[in-house]
Amino acid sequence: MHRRVFRLAAPNILSNLSVPLLGAVDTAVMGHLPDPAFIGGVAIGALIFAYIYWGFGFLRMGTTGLVAQAHGAGDGDEVRAVVGRGGLLALGLAVILLLFQRPIGSIAFGLLDSSREVESLAGAYYAVRLWGAPAALLNYVALGFLVGTQRMRAALLLTVFMNGLNIVLDLVLVVGLGRGIEGVALATLIAEWSALALAIRIIGGALGTYGGTWRRDRILDGARLAALVRINADIFVRTLCLVSAFAWFTARGAVMGDLVLAANAVLLNFQTFMAYGLDGFAHASEALVGSAIGARDARLLRRAVRIATLWAFGVAILFTLVYLGAGRLIIAGLTSIPEVRATARAFLPWIVVSPLISVWGFQLDGIFIGATRTAEMRNGMLVSLGAFLASGWLLMPRLGNHGLWLALMIFMVARATTLGLYFPRIARGLTPAPETGSSGGPRRSPRRPGGGR
């Protein structure tokens, strides 16, 4: 099981880390321009898309859980049907975003209290990047399928291709051609559509190894569509709360001035690196927990959870040590503005302790996604958001930006606590595990199409 967890997690860690690496490059190419407003513009623009795209993150998470359970049960027809339902939903949502892009933008910028210069730069970013919405949402479904079927190397290829191309285009368009913040947005747009073309090819080949056929009656089955809507609605509320927490964090930083906004944006790159790195083990848990539930194997579920969490905590310790030893150097690499560097260094200790505090909530998220226990995720996040907002309002008047960071740590503790209380429910109702072999898996496991694990 240790080897299996690591085989699933390692490609995810590498692919996940390419996402914050892209954010760091975005920050760096803006951070070496003369005005901190450029960093703020990217931060605000990226925040709006975090709201839009993370809000629809249920397309990946819901697909992962449902595909993993169909994969564990050996049901090729249902694997295809889940992908079909997710793809239709993604296209419908993308059309809505494009049709209502102006009112969405007006509402978003109205809620974020930033300087006029920062808002102007963020508006230019938004106007270009939104045209990648269909590709971005369909890529969520593609990644959900790949993680759910434990094809982590393919997920690695897709993610690294998209973000690697984005980074190269960042450097060409911004540094080479001087396109500024529009160049950052255009780089992302091109990369998202290019990745979708690759995803279609990968998934077409992967589905060819499965039995089963595309069945319209399965894709449009009323009960399954209702279950998809319920699961996705729960994850949407959960993700909206999560993104709202970081939006409020960014907005409160903006109220304290462009300098604090820029410093917090630099430090959030650390948080994002850590989150995406630890999510490799959360994604492994999604696949293993979903497969165990599909196979009705309670013992496999508990063993997978225990070992994946042990690995995740070890990597969290590694992140803390790296941030403690090299945090100042990383800040210097992200921005050359002396005032931003000094402000970011003042709040660096919060980032140093964050991995040890955050890892538990990340890991539990993966477990609950694999189990498709989305109502508990929704309820836990609602409570956690309330704790974050209350602590922020209480702490910021006395501690300023330190109070804002402390509130964020309280938010991470609340996420872990609420889901931890729900955790014992997951294994209930599963049948006793069959006799296991030396690998820790069932001696008679469900069919793995295509020679999979």
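The values are calculated or read from the model by the stated rules, or taken from the named source; none is laboratory data. Everything quoted here is computed from the prediction, not taken from an experiment. Cβ coordinates were reconstructed from backbone atoms using ideal geometry, including for glycine residues, and neighbour counts include every protein chain displayed. Heads up: the accessible areas ignore ligands, DNA and RNA and are worked out on the full protein's heavy atoms, side chains in. Shrake-Rupley method; radii C 1.70, N 1.55, O 1.52, S 1.80 Å.
Table for the structure above
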| quantity | calculated |
| --- | --- |
| Residue tally, condition out of contact with any helix residue (DSSP H, G or I) (no Cβ under 8 Å at 6 or more places or on another chain) and at pLDDT below 75, over the range 76-115 | 1 |
| Breaking point among (1) open to solvent by 50 Å² or more (accessible area, probe 1.4 Å); (2) at pLDDT 85 or above, for Ala195 | (1) |
| Only listed residue being buried (at least 24 other Cβ atoms within 10 Å of the Cβ) and either out of contact with any Lys or Arg (no Cβ under 8 Å at 6 or more places or on another chain) or closer than 22 Å to Ile330 by Cα (or both), chosen from Val243, Val255, Val260, Val266 | Val266 |
| All positions within the range 388-402 that are free of Cβ contacts under 8 Å to residues at least 40 places away in the same chain and surrounded by fewer than 18 Cβ atoms within 10 Å (Cβ to Cβ) | Ala390, Trp393, Leu394, Leu395, Pro397, Arg398, Leu399 |
| Selection within the range 120-144 - open to solvent by less than 10 Å² (accessible area, probe 1.4 Å) and either at pLDDT below 85 or in contact with a Cys (Cβ under 6 Å, 6 or more places away or on another chain) (or both) | Ala122, Tyr125, Leu130, Gly144 |
| Subset tally (residues that are farther than 26 Å from His402 by Cα and open to solvent by 10 Å² or more (accessible area, probe 1.4 Å)) for the range 372-382 | 6 |
| Members of the range 283-306 that are of a type outside the set (Gly, Ala, Ser) and open to solvent by 10 Å² or more (accessible area, probe 1.4 Å) | His283, Ile293, Arg296, Arg299, Leu300, Arg302, Arg303, Val305, Arg306 |
| Answer residue from the range 159-190, given it is under 18 Å from the mean Cα position of the chain (by Cα) and buried (at least 23 other Cβ atoms within 10 Å of the Cβ) and is farthest from Leu138 (Cα to Cα) among those | Asn166 |
| Residue in the range 299-312 that is more than 28 Å from Arg151 (Cα to Cα) and either out of contact with any Pro (no Cβ under 8 Å at 6 or more places or on another chain) or part of a helix (DSSP H, G or I) (or both) present | no |
| The range 359-378 residues that are over 12 Å from Arg425 (Cβ atoms) and among the aromatic types (Phe, Trp, Tyr), paired with ones that are open to solvent by less than 10 Å² (accessible area, probe 1.4 Å) and part of a helix (DSSP H, G or I) (beta carbon under 6 Å, 6 or more apart) | Phe362/Leu278; Phe362/Ala282 |
| Criterion violated by Gly208 - all others in (1) under 16 Å from Leu138 (Cα atoms); (2) at pLDDT below 80 satisfied | (1) |
| Evaluation of Met274 against (1) part of a helix (DSSP H, G or I); (2) farther than 20 Å from Val413 by Cα (one fails), failing number | (2) |
| From the options Arg201, Arg238, Arg218, Arg230, residue that is touching a residue at least 12 places away in the same chain (Cβ under 8 Å), open to solvent by 60 Å² or more (accessible area, probe 1.4 Å), assigned to a helix (DSSP H, G or I) and farther than 25 Å from Gly123 by Cα | Arg230 |
| Single residue of the range 323-361 satisfying the filter (of a type in the set (A, V, I, L, M, F, W, C) and farther than 19 Å from Ala263 by Cα) that is surrounded by the fewest Cβ atoms within 10 Å (Cβ to Cβ) | Leu356 |
| Residue check, Gly148 small (Gly, Ala, Ser), closer than 30 Å to Leu394 by Cα and open to solvent by less than 50 Å² (accessible area, probe 1.4 Å) | no |
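Results for (1) at pLDDT 50 or above; (2) touching a Phe, Trp or Tyr at 6+ places or on another chain (Cβ under 8 Å); (3) not basic (Lys, Arg), shown as yes or no for each residue.
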residue: Pro397; (1), (2), (3): yes, no, yes
residue: Gly403; (1), (2), (3): yes, no, yes
residue: Ala416; (1), (2), (3): yes, yes, yes
residue: Leu430; (1), (2), (3): yes, no, yes
residue: Arg453; (1), (2), (3): no, no, no
